[in-house]
Amino acid sequence: MLDPDSVTLNGQEQTLLTQVQQRTNIVTSWLVEVNSIENSLNGNVLSITLPESSTVYTFDADVVTSVSDGEYYWAGYNADGSSANLRRGPDDFLGHFYIAPIDFYYEIASISSERAVLVKYAPSVINGYGDCSLGDDDDDETDDEVEDRSGCEDNKIRVLFLHTAAAAAIGTPSPTTVAHTVVAQLNGTSLASGLSQTDVFF
């Protein structure tokens with residue numbers, strides 16, 4: 001954690017920090033310096049603590065991709081429904097955490113190659129965010145037409161998961177865990193392809 005009053009930010013860092021802090025759907029944010037992920041890994045388990053609590057949250061690896069120059073993508077989950085994904089790019093570090101026991105969503109947004117902002121979002125970001133209407137279906141619509149999503153606030157795409165009682169009875173992982181993991185992977189894939197959260201967010 002960094003104290004903004006004791007850190008000198010360059011112009012670009014200050015601009016990006018201000019943009020993040022002005023988001024209307026955040027609860028709070030912290031200026032951070034991202035530690036090496038290797039310091040937080042024990043085998044395939046990632047452990048994190050958040051600034052507001054000493055509670056340690058753990059995630060089991062689900063998808064791990066790395067390349068020789070230090071770039072990587074890491075996605076994991078917890079049986080309680082929590083999920084995490086991290087991406088280290090050539091000049092940035094991005095991450096998302098959903099902590100199910102407290103029902104809050106966190107994002108790590110880079111403002112430079114080493115500094116980032118940890119953002120805590122309001123629960124509405126995950127639960128029942130907005131009303132995104134695509135209008136009436138048209139029977140004459142062809143498969144190669146793309147829906148106009150200009151009416152969708154902040155380009156957030158809500159994903160609906162349906163499952164049977166038999167699927168829920170299987171146990172671990174539960175459909176809830178699978179749903180959060182899939183959403184985390186969708187967001188991770190978007191980030192890895194160069195799209196920012198403001199372009200598309202599941």
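Looking at ILE126, is it within 14 Å of the chain's Cα centre (by Cα) and modelled with pLDDT under 60? When the stated conditions are applied, ILE126 passes them. Looking across region 12-45, the residues that are surrounded by 14 or more Cβ atoms within 10 Å (Cβ to Cβ), under 19 Å from ASP92 (Cβ atoms) and not small (Gly, Ala, Ser) come down to GLU13, LEU16, LEU17, VAL20, GLN21, ARG23, TRP30, LEU31, VAL32, VAL34, ILE37. Being buried (at least 17 other Cβ atoms within 10 Å of the Cβ), assigned to a strand (DSSP E or B) and at pLDDT 85 or above is a description that does not apply to LEU9.
Looking across SER83, SER53, SER29, SER36, one residue alone is touching a His at 6+ places or on another chain (Cβ under 9 Å) and of a type outside the set (Val, Ile, Thr). It is SER83.
Looking across region 9-27, the residues that are within 20 Å of TYR98 (Cα to Cα) and more than 16 Å from the chain's Cα centre (by Cα) come down to GLN21, THR24.
The values are calculated or read from the model by the stated rules, or taken from the named source; none is laboratory data. All values derive from a computational prediction rather than experimental measurement. Note: ideal-geometry Cβ built from the backbone for every residue, glycine included; neighbour counts use all protein chains shown.
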